[in-house]
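Q: Below is a structure I'd like to ask you about.
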Amino acid sequence: MSKIAATVAVATSLLSSTAIAQDAKPTIILVHGAFADSSSWNGVVTHLQNDGYRTVAVANPLRSVTNDAQTVSDVVASIEGPVVLVGHSYGGQVISNVTTAEDKVKSLVYVAAFAPDADEAAAELAGQFPGSTLGDALSPPVQIAGGGVDLYIDQAKFHDQFAHDVPADQAALMAAGQRPITEAALTEKSGDPAWKSLPSYFVYGDGDKNIPAEALGFMAERAGSKRTVVIEGASHVVMVSHPDAVAELIIEAAQ
């Protein structure tokens, strides 16, 4: 091979590698909230994977903001390349407190989620605006060995409270498999939030009975949301009832 041909071959290889790096899509990390689990993202994951995105639905421990944010931070650190963090409900507080380099996280997506400021707690934000009926829908607290309590939604009230726009048989399965959250996690104060330095996007339903739509709109505006999608009549599990709309916003945040 001549020197000219060899030089062209090397240059072509470098250009191709650069193009591949530029075209590489970020990994989408999905963080569920209280009374849900990773399967709540199934419809969103299907849409994202069909569009060529690698996805990781983290098993959020729901024990404390500090512990849960560290769990997600560890997952972020294990992934090569940029990521988009997506949080549902309490998961929004978790992604707001992830401790990782800003150049690793491309953007944040809040799905019917809390976006607290420093020294704010999820329970405090939910009660700041009228409309939440979650308190009346909870089962008696479950005592935890060593102190504290776990909170569940009463299965008989789950469909109406949490997922009114999801078929009843599907909501019944979600109610049976719901993950409890500690009361301490809902009352723990947030640290300095990532949304102050990263672009954020919001999607929620105006029929949400867990977090009032007014509260969600307030948090989106305060965070300087790049785009806010409000789905008419949608419940708190908007990612289950409207997975395509949620996935489309995530893709926009990833581009």
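The values are calculated or read from the model by the stated rules, or taken from the named source; none is laboratory data. This structure is a prediction, so every number in the text was calculated from the model and none was measured. Note that each Cβ is placed from the backbone with ideal geometry, even for glycine, and that neighbours are counted across all protein chains shown.
Q: Suppose we keep only residues that are crowded, with 16+ Cβ neighbours inside 10 Å and either of a type in the set (G, A, S) or at pLDDT below 95 (or both) within the range 33-63. Which one would you say is nearest to V111 (Cα to Cα)?
A: Across the range 33-63, the extreme among qualifying residues is G33.
Q: Check whether at least one residue in the range 110-126 is touching a residue at least 24 places away in the same chain (Cβ under 8 Å), within 20 Å of L198 (Cβ to Cβ), out of contact with any Lys or Arg (no Cβ under 9 Å at 6 or more places or on another chain) and assigned to a helix (DSSP H, G or I), and report yes or no. Before the answer, list the steps.
A: First, pick out the residues of the range 110-126 that are touching a residue at least 24 places away in the same chain (Cβ under 8 Å): 110-126.
Okay, now just the ones that are also within 20 Å of L198 (Cβ to Cβ), so 110-120, 122, 125.
Now drop any that are not out of contact with any Lys or Arg (no Cβ under 9 Å at 6 or more places or on another chain), which leaves 110-114, 122, 125.
In the following step, the residues that additionally are assigned to a helix (DSSP H, G or I) were identified as 122, 125.
Yes, because at least one residue in the range 110-126 is touching a residue at least 24 places away in the same chain (Cβ under 8 Å), within 20 Å of L198 (Cβ to Cβ), out of contact with any Lys or Arg (no Cβ under 9 Å at 6 or more places or on another chain) and assigned to a helix (DSSP H, G or I).
Q: For the range 141-160: of the residues being touching a Phe, Trp or Tyr at 6+ places or on another chain (Cβ under 9 Å) and either assigned to a loop (DSSP other than H, G, I, E, B) or among the basic types (K, R) (or both), which is nearest to A34 (Cα to Cα)?
A: Y152
Q: When you scan the range 207-223, how many residues do you find that are over 14 Å from V111 (Cβ atoms) and touching a strand residue (DSSP E or B) at 6+ places or on another chain (Cβ under 7 Å)?
A: Matching residues across the range 207-223 total 0.
Q: Against the condition of a type in the set (D, E, K, R), without any contact (Cβ under 8 Å) to a residue 40 or more places away in the chain and over 13 Å from A247 (Cβ atoms), how does D68 come out, does it pass?
A: Working: of a type in the set (D, E, K, R): yes; without any contact (Cβ under 8 Å) to a residue 40 or more places away in the chain: no; over 13 Å from A247 (Cβ atoms): yes.
Against the criterion (of a type in the set (D, E, K, R), without any contact (Cβ under 8 Å) to a residue 40 or more places away in the chain and over 13 Å from A247 (Cβ atoms)), D68 does not qualify.
Q: Now for a separate question. Which members of the range 24-43 meet the condition of being touching a Leu at 6+ places or on another chain (Cβ under 7 Å) and assigned to a helix (DSSP H, G or I)?
A: Within the range 24-43, W41 is the sole residue that qualifies.
Q: Okay, next question. Can you name every one of the helices (runs of 4 or more DSSP H) wholly within the range 161-255 that holds 1 or more residues which are among the acidic types (D, E)? Outline the logic, then answer.
A: Details: elements: 168-176, 183-187, 213-222, 238-241, 243-254.
The helices (runs of 4 or more DSSP H) meeting that bar are 168-176, 183-187, 213-222, 243-254.
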